[in-house]
There are 2 protein chains.
Amino acid sequence: MALSDLMPIERNEAGIAAALGILKQRFDERLQTGEAVRAQHAHTTTYIPNQPPDGVVFVESAADVQEIVRICAAHCVPVIPFGVGSSLEGHTNAPGGGISIDMTRMNRVIEVNAEDLDCTVEPGITREDLNQYLRDTGLFFPIDPGANASLGGMAATRASGTNAVRYGTMRETVLSLTAVMADGQMVTTGKRAKKSSAGYDLTRLLVGSEGTLGIITALTLRLQGIPQAISGGVCPFPTLEAASRAVIATIQMGIPVARIELVNALQMRAMKNYSKLDYPESPCLFVEFHGTDAGVAEQAETFGMIAEENGGGPFHWTALAEERNKLWKARHDSYWATLTLRPGAKSLSTDVCVPISRLAECVAETEADIEEMGLIAPIVGHAGDGNFHAMALMDPNDPDEIALVERFVARLNRRAIAMDGTCTGEHGIGQGKTGFLRHELGHGVDVMRTIKQALDPLNILNPGKILPQES
Amino acid sequence: MALSDLMPIERNEAGIAAALGILKQRFDERLQTGEAVRAQHAHTTTYIPNQPPDGVVFVESAADVQEIVRICAAHCVPVIPFGVGSSLEGHTNAPGGGISIDMTRMNRVIEVNAEDLDCTVEPGITREDLNQYLRDTGLFFPIDPGANASLGGMAATRASGTNAVRYGTMRETVLSLTAVMADGQMVTTGKRAKKSSAGYDLTRLLVGSEGTLGIITALTLRLQGIPQAISGGVCPFPTLEAASRAVIATIQMGIPVARIELVNALQMRAMKNYSKLDYPESPCLFVEFHGTDAGVAEQAETFGMIAEENGGGPFHWTALAEERNKLWKARHDSYWATLTLRPGAKSLSTDVCVPISRLAECVAETEADIEEMGLIAPIVGHAGDGNFHAMALMDPNDPDEIALVERFVARLNRRAIAMDGTCTGEHGIGQGKTGFLRHELGHGVDVMRTIKQALDPLNILNPGKILPQES
C-alpha cells in the first residue's frame, strides 16, 4: 500500500447527519463544522493526505466525551480523539468522516502526590505545561518527544523520546488511566499502587491503542525527582560501528545514562551549520548523566574511557547548564537544521527500533540505501534503546519523489523487522504503517483484531488506524 | 465468598474421558493420571483446597502444547499450565477438572544476547537455574520472588520481589513472549527491540493473565549487568511511620536503591530467634545499593543521614558479601522464622500494595487488626513499592480459625483498595482473590471478561481464575 493512496472507509452519511444534528443541540458553539477547523483537526505533521472529520467538539469533561460516544454509537459514526495534532502517522485523520473530540480544554492537573511521585491529569495538558506546573515540587515528568505533545496523545501512541533509556516510555510511565469505551461506559484501569497483579493489564492495553479501544479522559503518571546534578557532552567517533560499540559498553556496564543520542555525519553537518556547533562531521554521541555531583562526574569519566577504548573522542563534558542547554537545543532543533539541507522541501520523519547489537548495521545499511536512492535523509537516534529516525526530504508536489521516499521507508521498515526489530519504536502505526504490522507480528494481528471487534463491535473508535485493511 | 468454599465449575465428564483417551494414544507415558501426581499438580503453597486435574502431560515442545490445546478445545476440556506450583492463590487448581500441562521439561535457555542484555527461554526454567546459566556472562536476571519459581509462572502472575523497586517487575522485564492461544494457534507478541509502538501491547496483556488467555511457551527477558559493587545493611526505627518517612525520602531523592524492605517488630523477633540476628525488636529497613564502589558508598551514607533525620539508626552498612548474605538469608528465611512463632501451625501469606504515602498507615491499621483479632501474623514488605505481606498462622483443621483468617484477609484487601491500592501487588488473583477484583476495578472486570470471551470462547484456558463468578 502506498501512503499516498490510503483506502477510504465507507461514510455513513445518514448517521453523520443525524449525529451532527443532535450534537449541535447539545453542544451548540462547542461543535465546530467550519472547513478550516475541520482540516486543522486532521492535520498531522506528515504529508499523509488530510482527511477531515465532519465536526469537532471541544469537550470540557469526561461526561462530554461519554455523551459524544453514546450519540455516535447510536448512529454508527466514527469518533477521533485529538490532542495537539503532532502525531506523525496520520492518527487524527478521519478516513470515514465522523467527529473529532478536541481535548485542549481538558488540560487540568487533577492532583499531584509528591510523596508517591505521581500525578493525575486530564489528557489535553501538554508535557511542557505539566512540567511548568510541577516546577516547585522538585519533581518532573521525564518523557520528551520532540513536539510539545498532549499527555493523552502521548499515552495513545506509547510515545517516548531522548531520555527513555533512563526513565522508560509511556508504557512504564502511565500508572493507570480512565477511558470512555465504545459503549460510552467509563473504565478506570487501576489504582495508584506502583505495581499490581490484579487481573489483565488494561492500562498497558489502552496505552498505545491509538484511540481505537477507548478514549482516554484521565491519566495517572509516574514522576521523577529532579536530579541534584546533570553532566553531559558530545563525543565524536570515526564510524557508526565505533559509536555503537561505545553505547553497548555503556549500557552493559550499568552506567545509568539519562540520554545517549546517535547523530550521523550528515545530521552533524546540518546541525553544525544551523546551530553553530564546533564538532567534526562524523558520527557523534550526545550524552547526559543525572545523579549526585560525584555520581555524574564519575559517570562522565567512565563514559569518556569507554569512548576512548572504542576509538572515539575527545569527549568534553560539562556540568554547566548553559553549555548543556546549547547542545540539547541543537539536538532538538535537528528538524529545522535538516530542512536547511534542501530549502523548500518537506520532510517525512520515520522511526524504527532494533536490538542495540544491530543498530550500527541497520544505520549503515540505511545510509547506503539513502546514498543509492539519491535521497537526502539525515539520521538521529535514541541509541541506548536502538531507536532511530531518518528524515527524508522531498518535493511534496512530485509524485515520483513521494514514491521514492515511500520505497525507502518500506525498505527501512523491512530491514528493521528482519533484524528482530520493530517498524515503530515511538511514533505508532496510525495510517502510515498499517502495511507493516502483519509482517512484524503475524498472527498477533488477528489477536489484536479479535480484541478490537470485542471491545468496539461497531468500529467507531478511530477506525482505519493500527489494523491493516486486508482482503 | 469464603476461600474454603470455592464454587465448582461444572465438569464435562464425556469430554474429559474422550480427551484423555486421545492424549494417552498420543503422549503415552508422558500422560500421567495417578492420584499422587494429579494432587501434586494442584498443589500450591496455600491452604486452598486441592482440586486435582484429571491428567498431567509432561510437554517437551510448543508443538506438544498446541496439540493438547487443540485436543482439549475439540472436547471442551480445561487446560491448566503448571510451572513449579509455588503460586499462593490457587492458580494451578482444576475446579472443573481437565489437563495440567507440566512445563518442567521445557526448561532450555534458547539464546542469550549479551550485547542486548536479553535472553530467550522456555517457560519451565526456574529463576535460579537461569541465573546459574548466566553466571559467566556478567549479567543476571533480577526478579526474585521468595520461591524458586518458573519463569513462565512468574510471567503469568506478573511476579516481582525484593528488588523490583530498582529493576521492575515481570511487567517491565518480559520483552516479548510466545503463547498458544485457545484455538491452538501460536502468537509471538513482539520482537527484541527494547521498545515498540506497533499496535496493542499483547505482551503486557498476556503477562499477568494467569494462563487464562494463552499458554506461554517462550519468553524473551531483559537482563541486567551485575553491579561492580553492592553495599547494604539494616536500620532500626522507633515506629513504622518513621521507617516509612525514610523510605519516601530515599525514593524522592532519587537514590537508586536496589532493595528496601520493611520488617515489622513481630517479624524482627521471629527472624532474630531463627537467624540469630542482633537487632532491636522494632521496625527495621533492610536496604541494598548497587553501583560503583564510590556510588554504593555514597548511597549508603546518604541513606544513613535520611534515616537519622527520621529518628532511625544506628545504620551499619557493609560492602562485604558474607555479612550482606547473612542479612538477606535471614530476610528470605522469614517464612520459616514465622512458622516457629506457633509450632504446628500453617500459614496464609497474603499481599497488598498501596501508594507509599499510605504504607505506614496501612501497616499500622493492619497490626491493630491483627492484635484485636488475636492472630499471629508478622509483616514484611517491599517498602519502596508500597507492597507488603502478612503471614497469618492458623490451625488448618479448625474451621473457626480459617474463617477468622479469611475475615482478616478480606479486611486487609478492602483497606488497601480504600487507600487507592490493590488487593495484590505480586501474588495474583488466582482463586483466592476473585472476590475483590470488582471492588478494586469496577467496570474494568466487564472489560476483562469481554476480552476473555473473545479470546477463549469455550472458557478452556485455566477456568475459574481471575474473573469472579457473578450471578
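Derivation of every value follows stated rules applied to the coordinates shown; laboratory data play no part. Predicted, not measured: the structure shown is a model, and the values here were computed from it. A quick note on method: Cβ atoms are made from the backbone with ideal geometry, for glycine too, and the neighbour counts reach across all protein chains shown.
Given C-alpha coordinates of chain B, what is the ratio Rg to Rh with the Kirkwood estimate of Rh?
With Rg and the Kirkwood Rh in hand, the quotient comes to 0.97.
I'd like the Karplus ³J(HN,Hα) series for the range B:55-61: coefficients 6.51, -1.76, 1.60, θ = phi - 60°, whole numbers in Hz, and an x wherever there's a Gly or Pro.
Using θ = phi - 60°, the values come out as x, 10, 10, 8, 7, 10, 7 Hz.
Would you work out which of B:226, A:40, A:167 lies farthest towards the positive end of the dipole of the protein assembly as shown, given +1 charges on the beta-carbon of Lys and Arg and -1 on that of Asp and Glu, about the Cα centre?
A:40
Would you kindly work out, in nm and rounded to one decimal, the distances from the label point of residue B:26 to those of the same position in each other copy, ordered shortest first, with label points 7 Å along Cα-to-Cβ?
5.1
Could you state the orientation-averaged shadow area of the convex hull built on the Cα atoms of the range A:246-376, in nm² to one decimal?
8.7 nm²
I need the GluC sites (Glu not before Pro) found in the range A:397-471, filtered to DSSP loop residues with at most 15 other beta carbons within 10 Å of theirs.
Qualifying residues, ordered by number: A:470.
How do B:237, B:303 rank when sorted from fewest to most other Cβ atoms within 10 Å of their own Cβ?
Final ranking by Cβ density, sparse to dense: B:237, B:303.
Which angle from 0 to 90°, rounded to the nearest 10, does the C-alpha axis of helix B:359-373 make with the longest principal axis of chain B?
For B:359-373 against chain B, the angle is about 80 degrees.
Would you give the gap between the C-alpha center of the range B:152-204 and the C-alpha center of the range B:422-471, rounded to a whole Å?
About 19 Å separates the Cα centre of the range B:152-204 from the one of the range B:422-471.
Looking at the calculated P(r) for the protein assembly as shown, what percent of the C-alpha pair distances fall above 50 Å?
19 percent
Using label points projected 7 Å from each Cα along Cα→Cβ, tell me how many nm separate residue A:398 and residue A:323, to one decimal.
4.3 nm
Given all pairs of different Cα atoms, what value in angstroms does the Kirkwood hydrodynamic radius of the range B:320-471 take?
17.1 Å
Of the cross-linked pairs B:195/B:329; A:195/B:195; A:346/A:465; A:433/B:194; A:195/B:194; B:276/B:346, which ones have a Cα-Cα span greater than 29 Å in the structure shown?
Long pairs (Cα-Cα over 29 Å): B:195/B:329.
Please list 3J(HN,Hα) in residue order for the range A:374-382, calculated via the Karplus relation 6.51 cos²θ - 1.76 cosθ + 1.60 where θ = phi - 60°; whole Hz, with x for glycine and proline.
x, 8, 10, 7, x, 10, 10, x, 8
In 5 Å bins starting at 0, how do the alpha-carbon pair distances of the range A:252-314 split up by percent?
4, 16, 22, 22, 16, 13, 5, 0
Tilt of helix B:240-252 relative to the longest C-alpha principal axis of chain B, in degrees (0 to 90, nearest 10)?
That works out to roughly 80 degrees.
In chain A, once you exclude exposed trypsin sites (Lys or Arg not before Pro) (DSSP loop, at most 16 other Cβ within 10 angstrom), what's the longest stretch remaining?
A:277-471
What is the mean number of Cβ atoms from other protein chains located within 10 Å of the Cβ atom of each residue in peptide A:444-455, rounded to a whole number? Provide the component values of the computation, followed by the final result.
Details: counts 11, 4, 4, 14, 7, 2, 6, 7, 3, 1, 7, 4.
Per-residue shielding by partner chains comes out at 6.
Taking amide H positions as placed in the peptide plane 1.01 Å from N, state which residues far from residue A:259 in sequence (5 or more) or on other chains have amide H under 5 Å from it.
A:288
Amide H to amide H, which residues 5 or more places from residue A:176 or on other chains are under 5 Å from it, using H placed in the peptide plane?
The list, which skips near neighbours in sequence, is A:220.
Residue A:343 label points, 7 Å along Cα→Cβ, one per copy: pairwise distances from this copy to the rest in nm, shortest first?
Going from nearest to farthest copy, the values are 9.3 nm.
For the range A:109-225, give the magnitude of the charge dipole about the Cα centre (Cβ charges: +1 Lys/Arg, -1 Asp/Glu; no others), in debye to the nearest 20.
Computed charge dipole of the range A:109-225: roughly 380 debye.
Considering every residue in A:246-259, what mean count of other chain Cβ atoms within 10 Å of its Cβ is obtained?
Values: counts 0, 1, 4, 1, 0, 5, 10, 5, 11, 3, 3, 0, 0, 0.
Per-residue shielding by partner chains comes out at 3.
To the nearest 10 degrees, how steeply does helix B:444-455 sit against the main Cα axis of chain B, on a 0 to 90 scale?
Helix B:444-455 and the main axis of chain B meet at about 40 degrees.
Treat every Asp and Glu Cβ in the protein assembly as shown as -1 and every Lys and Arg Cβ as +1, leave all other atoms uncharged, and give the resulting dipole magnitude about the Cα centre to the nearest 20 debye. Don't skip to the answer; put the middle values down first.
Details: 80 positive and 114 negative charges, 145 e Å.
Computed about the Cα centre, the dipole is about 700 debye.
Any idea what the residue A:368 label distances to the other copies are, label 7 Å down the Cα→Cβ vector, nm, shortest first?
7.1
Using each residue's phi in the range A:457-467, evaluate 6.51 cos²θ - 1.76 cosθ + 1.60 at θ = phi - 60° and report the 3J(HN,Hα) Karplus result to the nearest Hz, with x for Gly and Pro.
Couplings: x, 8, 6, 9, 8, 6, x, x, 10, 6, 7 Hz.
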